[in-house]
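See structure below.
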Amino acid sequence: MTRIGIILGSTRPGRNGEAVARWVHQIATQRTDAEFELVDLLDYKLPHLDETLPPSLGQYAQPHTRAWADKIASFDGFVMVTPEYNHSTSGALKNAIDFLYGEWNNKAVGFVSYGSVGGTRAVEHLRLIAGELQMADVRAQVALSLLTDFKDYSVFTPNEGHVGPLTTMLDQVVAWSVALAPLRAR
Ligand SMILES: Cc1cc2nc3c(=O)[nH]c(=O)nc-3n(C[C@H](O)[C@H](O)[C@H](O)COP(=O)(O)O)c2cc1C
């Protein structure tokens with residue numbers, strides 16, 4: 001079965017990201033074409049990158065890196081749920097991405113973002129990063145507004161209209177995850 005990791009990209013106390021990632025997970029798990037697992041960065045307790053060798057060598061010295069690498073290696077594709085901090089993604093998500101290399105290669109990725117203009121600037125940065133990691137970033141994305149999809153900027157009340165784009169994005173992530181399987185098998 002194709003496995004898709006839904007990465008919760010914010011670690012801040014009181015984060016909005018948790019409700020967003022749970023909403024994505026709840027809709028995704030109604031599908032039968034893949035397995036979906038919520039991956040909370042908080043569970044991996046990654047410090048700022050503390051490996052001596054470049055991640056592209058795949059020789060990880062730290063137990064926290066190995067645990068993170070094992071989890072990411074277990075997936076065929078990803079949905080990254082990202083906040084927008086200063087017109088980019090969160091430092092926590094960027095750091096978690098930077099820890100690894102081969103575990104991301106030849107896998108699909110789709111994005112769900114949130115912010116005052118839907119977090120779209122964070123996703124544009126993540127698409128550049130995906131290119132360097134040899135990830136296939138799908139076109140469809142979900143952009144949630146802090147103004148209209150959250151009550152008082154903090155209680156997640158998603159507009160029903162986001163379910164369609166989320167479904168299309170998941171369709172694309174699953175399709176490309178399957179299509180890239182021969183490359184991952186090499
Ligand atoms: C350090 C920081 C920088 C932010 N910068 C932006 C920004 O550039 N654009 C934006 O739309 N929202 C920005 N925000 C608002 C966040 O999008 C909003 O607080 C969101 O809920 C953060 O995600 P989180 O609650 O999951 O941490 C910023 C928030 C923080 C904490």
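Brief remarks follow.
- Stretchable slack from ARG139 to HIS125, in nm (0.36 nm times residue separation minus alpha-carbon distance): 3.6 nm
- Accessible surface, the chain, averaged per residue in Å² (probe 1.4 Å): 47 Å²
- With contacts taken as Cα pairs under 8 Å at a separation of at least 6 residues, the range 3-185 carries a relative contact order of 22 percent.
- The charge dipole of the range 90-186, taken about its Cα centre with unit charges on the Cβ of Lys, Arg, Asp and Glu (plus for the first two, minus for the last two), comes to roughly 240 debye.
- For the range 42-139, the carbon plus sulfur part of the accessible surface works out to 52%, probe radius 1.4 Å.
The values are calculated or read from the model by the stated rules, or taken from the named source; none is laboratory data. Keep in mind that what you see is a predicted model, and the values were worked out from it rather than measured. Backbone-built Cβ (ideal geometry, glycine too); neighbour counts: all protein chains shown. Keep in mind that these areas ignore ligands, DNA and RNA; they rest on the heavy atoms of the full protein, side chains included. Shrake-Rupley method; radii C 1.70, N 1.55, O 1.52, S 1.80 Å.
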